[in-house]
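Scroll down for the structure; my scribbles are underneath it.
The values are calculated or read from the model by the stated rules, or taken from the named source; none is laboratory data. No experiment lies behind these values; they were computed from the predicted model shown. Here the Cβ positions follow ideal geometry from the backbone for every residue, glycine too, while neighbour counts run over all protein chains shown. Just so you know, the surface numbers come from the protein's heavy atoms only, side chains and all, with ligands and any DNA or RNA stripped out. Shrake-Rupley method; radii C 1.70, N 1.55, O 1.52, S 1.80 Å.
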Amino acid sequence: MLKVNPYLDNIEVSVIRKIAEAASKYKNIKGGKKLINLTIGEPDLPQSKIIKEETVDYIMDAKLGYSQLGGVLELREEIAKYYKNKYNVDVKPDEIIVTVGSTEGLSTAIKTVILPGDEVITPLPVYPGYEPLIILAGAKLIKVDTSEDDYELTVEILKRYVNEKTKAIILNYPSNPSGVVISEKNRDEILRFARENNLYIISDEVYSEILFEGKHNSFLQNDFRDNVILVNGFSKSHSLTGWRIGYVISSKKIRDYLIKVHQYTVTSASIISQKGALIALKKCSCIDEQVKIYKERAVRVYNKLQDAGINAIKPKGAIYIFVSIGEGNSLKFAEKLLESQRVAVVPGIAFGMDNFIRLSLVSDLDELLKATDRIIEFINSNRV
């Protein structure tokens, strides 16, 4: 038999996709409760008409050829300007690569800096898309418990796990699935620790613009540029999931290596999607109204759960609520909830925590509150 990459034997299809597919079987069943699907984290808020209309005009008028290597210069200039204006970080266009969504950005970063035998540290709960990429690189993802620190990674925790094999820390704040954000103090201490120990920080900040309180403490800082590879995109902030458009920012030195992996993986991101991203930054950079909607959903659902005596991690950003189910099998819990209440959620085991479930806040408020009522009813009826 012809052989394939042996690392693939250690990778399964995402539990998120599995439960989403299971939910689809209930979609057209007549009678009983209507399915409420809270699995995939795809924003339900509409894409801006300006982005769509002006991109269509561009398609009709322009020659749609290949993008220049690393992305259209005007878009990279606009991204650099955005980070200067919002985060006071000095970024040059030749430190940016426009990618096919943030997922390609993550893949490119990991392929570039992670080698077989390396270890990469990440805090729990962890987005399930990281580990398969680490495994394919021949490395190992070390998941660390942060529950005693309100699910924020700290230097004290890192000191327990860093060894001669540790190559990088992969972070995601605001967090999918918890909505936790990193404090400025912990951010700065982690940055200093990474520099002192020659570690990369791969910072997935795709939810950076969806923040309910305080400010986003980006790991992209002027004094630590050599250690940080930032990954971001437009899927969550502007609901441009199907456009598959993101970007990576790093030092010029690291970018020169990243660009090789990017080029021989995808050649370039779609010129059409890049135009949409450019319009998003120039004309739709303020998403306060969208954030207001997500915040109201998060607060109302969280409060309803709390009133019912059900614990959840209070989200400060992103588009999810991570709900405690106590002791038990989260996959079995999700399957039974789907079967009896027609509510589809993601088992916490997907994020390395089997005593939680994730709710995506991507339905209108009435639908979310209805789903929350069903979850409360299910939990109460199954309490011993």
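In this structure, Val261 does satisfy being under 25 Å from Pro93 (Cα atoms), open to solvent by 30 Å² or more (accessible area, probe 1.4 Å) and at pLDDT 95 or above. Looking across region 69-116, the residues that are on the phi > 0 side of the Ramachandran plot and over 18 Å from the mean Cα position of the chain (by Cα) come down to Gly70, Gly71, Asn88.
Scanning region 1-36 for residues that are of a type in the set (A, V, I, L, M), at pLDDT below 90 and more than 23 Å from the chain's Cα centre (by Cα) gives Met1, Leu2, Ile29. Residues that are free of Cβ contacts under 8 Å to residues at least 40 places away in the same chain and either among the aliphatic types (A, V, I, L, M) or buried (at least 24 other Cβ atoms within 10 Å of the Cβ) (or both) within region 229-253 comprise Leu230, Trp243, listed in sequence order. Among the numbered criteria (1) under 30 Å from Ile375 (Cα atoms); (2) assigned to a helix (DSSP H, G or I); (3) open to solvent by 10 Å² or more (accessible area, probe 1.4 Å); (4) touching a residue at least 24 places away in the same chain (Cβ under 8 Å), which one does Gly328 miss? The number of the failed condition is (2). Would you point out the residue of region 167-206, among those that are among the polar types (S, T, N, Q) and over 20 Å from Pro132 (Cα atoms), that is surrounded by the most Cβ atoms within 10 Å (Cβ to Cβ)? Here the answer is Ser178. Listed by first and then second residue, the pairs linking a residue in region 136-153 that is of a type in the set (S, T, N, Q) to a residue that is open to solvent by 20 Å² or more (accessible area, probe 1.4 Å), with Cβ atoms under 8 Å apart and 6 or more places separating them unless they lie on different chains, are Thr146/Leu124; Thr146/Glu152; Ser147/Leu124. Take the conditions more than 29 Å from Tyr257 (Cβ to Cβ), under 23 Å from the mean Cα position of the chain (by Cα) and open to solvent by 20 Å² or more (accessible area, probe 1.4 Å) and apply them to Ser48. Does it pass? Against the criterion (more than 29 Å from Tyr257 (Cβ to Cβ), under 23 Å from the mean Cα position of the chain (by Cα) and open to solvent by 20 Å² or more (accessible area, probe 1.4 Å)), Ser48 qualifies.
Remark: pairs (first residue in region 188-213, hydrophobic (A, V, I, L, M, F, W, C); second residue in a strand (DSSP E or B) and open to solvent by 10 Å² or more (accessible area, probe 1.4 Å); Cβ separation under 9 Å; 6+ apart in sequence or on different chains) = Ala194/Tyr200; Leu199/Thr166; Leu199/Lys167; Val206/Asn172.
Looking only at region 350-366, decide whether some residue is surrounded by fewer than 23 Cβ atoms within 10 Å (Cβ to Cβ) and among the basic types (Lys, Arg). No - not one qualifying residue is present in region 350-366. All conditions in (1) surrounded by fewer than 13 Cβ atoms within 10 Å (Cβ to Cβ); (2) of a type outside the set (Gly, Ala, Ser); (3) under 27 Å from the mean Cα position of the chain (by Cα) hold for Thr39, with the sole exception of (1).
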